[in-house]
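Right, one structure below, let's go through it.
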Amino acid sequence: MDKKRFCQLWIRNLSSGVVADAESVYELLVTSYSQPQRRYHDSHHIMDCLAWLDLYRDQIDDPDAAELALWFHDACYSVDPKGHEQRGAELLRQLLHTKMDAARLDKICSLILQTTHQQPPLDSEHALVLDIDLASFARPWAAYLRDTALCRAEMGPLADSDYCACQLGFLRQLISREQIYYHPHFWAEHENEARSNITRLIRLLENRELDAKACSRRDRVNEFLDVK
């Protein structure tokens, strides 16, 4: 990750007169994103997110707020990822308590929580952060498949059948939306690619489910024949 970039961002967003602790916060993030169980949600993912942000930062009013949210949105990701966005927002609150205007801190935490994908975005910053969190869907097919495999590797002992079912549920919900991406520029440039990739992966996962069910039926028949 880019230490200089983060430290400059952190320092310029602190309230006037606050003693900067940018390097210690950066090291905390490095430790978090370097955890051995991470395969996709690691430092490379954060740098990818920032690269996407740099492409569109001129299209939002508060790019620093969006960037701080992206640095922290997966900081507390774990094998059981449920609620990690809330934990990331709470971590930022702890680090910036009394060091940033309360309204601005609330906004950045709201941007982090946008990556739960539970509600439409409130403004252009929320829209872009949400879109960047789903930007992998718009990558070239091979890169998108690689990201999918890395996400699967993070789930540890979860059975393939359970992961497949979970993924299909999420992808079907996503493809049913009127739009995957909400920021107008991001939507115009990447919506079609994302829909194509998602549709293609749904077909692959559905075929895998059918193959798994067929194997299960064959196993049950073979077991029956063996018993008889």
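The values are calculated or read from the model by the stated rules, or taken from the named source; none is laboratory data. All values derive from a computational prediction rather than experimental measurement. No Cβ is skipped: glycine too gets one built from the backbone with ideal geometry, and neighbour counts run over all protein chains shown.
For residues in the range 195-210 being modelled with pLDDT of 95 or more and among the polar types (S, T, N, Q), which is surrounded by the fewest Cβ atoms within 10 Å (Cβ to Cβ)? Ranking the qualifying residues of the range 195-210, first place goes to Thr199.
Under the condition of being of a type outside the set (S, T, N, Q) and surrounded by fewer than 18 Cβ atoms within 10 Å (Cβ to Cβ), which residue from the range 23-47 is nearest to Leu95 (Cα to Cα)? Across the range 23-47, the extreme among qualifying residues is Leu28. Restricting attention to the range 110-122 and to residues that are touching a residue at least 24 places away in the same chain (Cβ under 8 Å) and within 28 Å of Val18 (Cβ to Cβ), the residue that is nearest to the chain's Cα centre (by Cα) turns out to be Thr115.
For the range 142-194, the set of residues classified as of a type in the set (D, E, K, R), surrounded by fewer than 16 Cβ atoms within 10 Å (Cβ to Cβ) and closer than 18 Å to Arg208 by Cα consists of Arg146, Asp160, Asp162, Arg172, listed by residue number.
Residue pairs whose Cβ atoms lie under 9 Å apart, separated by 6 or more positions or on different chains, with the first residue in the range 16-32 and hydroxyl-bearing (Ser, Thr, Tyr) and the second part of a loop (DSSP other than H, G, I, E, B), are Tyr26/Met1; Ser32/Arg38; Ser32/Asp74; Ser32/Ala75; Ser32/Cys76; Ser32/Tyr77. Scan the range 162-191 for residues that are hydrophobic (A, V, I, L, M, F, W, C) and more than 18 Å from Asp133 (Cβ to Cβ) and the total you get is 4.
Looking only at the range 71-91, decide whether some residue is surrounded by 14 or more Cβ atoms within 10 Å (Cβ to Cβ), in contact (Cβ under 8 Å) with a residue 40 or more places away in the chain and not in a loop (DSSP other than H, G, I, E, B). Within the range 71-91, one or more residues are surrounded by 14 or more Cβ atoms within 10 Å (Cβ to Cβ), in contact (Cβ under 8 Å) with a residue 40 or more places away in the chain and not in a loop (DSSP other than H, G, I, E, B). Within the range 46-64, restricting attention to residues that are over 17 Å from the mean Cα position of the chain (by Cα) and of a type in the set (A, V, I, L, M), the residue that is farthest from Glu125 (Cα to Cα) is Leu55.
The residues of the range 117-141 include none that are within 16 Å of Tyr77 (Cβ to Cβ), at pLDDT below 95 and either surrounded by fewer than 12 Cβ atoms within 10 Å (Cβ to Cβ) or touching a Ser or Thr at 6+ places or on another chain (Cβ under 6 Å) (or both).
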